[in-house]
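**Q** Before I ask anything, here is the structure I am working with.
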Amino acid sequence: MSSRVRGRIFFAFVAVLAILAVFVLHGAAAGAAAFAAMLGFIAACIYALHGRDADVRRDADRAGLAGWFGGWF
């Protein structure tokens, strides 16, 4: 299984968990599921960006890392 397919599976799992938290679960279980979905989304994003080549990372635009001051860094 390629890294791209695994990334899509992680994002799909997070989406299902978020849908369960919003529409199915109630009370504290919904809050815990939403929190887990948020952390899972962050982890899936990190995993999706982890497998980049050194050349891609070196040439990447880093404006997003600095926010409003992106052009200065």
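**Q** Taking a 1.4 Å probe, which of 17, 49, 39, 25 shows the most accessible area, and what order do the others take after it?
**A** Listed by decreasing accessible area, they come as 49, 39, 25, 17.
**Q** Say each of residue 32 and residue 15 gets a label point 7 Å from the Cα, pointing the same way as Cα to Cβ; how far apart are those two points in nm?
**A** Here the answer is 2.6 nm between the modelled labels.
**Q** Around residue 14, what is the net charge, scoring Lys/Arg as +1 and Asp/Glu as -1 over all other residues with Cβ under 15 Å from its Cβ?
**A** Every neighbour counted, the sum reads +2.
The values are calculated or read from the model by the stated rules, or taken from the named source; none is laboratory data. All of these numbers come straight from a predicted model, not from anything done at the bench. As a convention, Cβ positions derive from the backbone with ideal geometry for all residues, glycine included, and neighbour counts pool all protein chains shown. All accessible areas refer to the heavy atoms of the entire protein, side chains included, with ligands and DNA or RNA removed. Shrake-Rupley method; radii C 1.70, N 1.55, O 1.52, S 1.80 Å.
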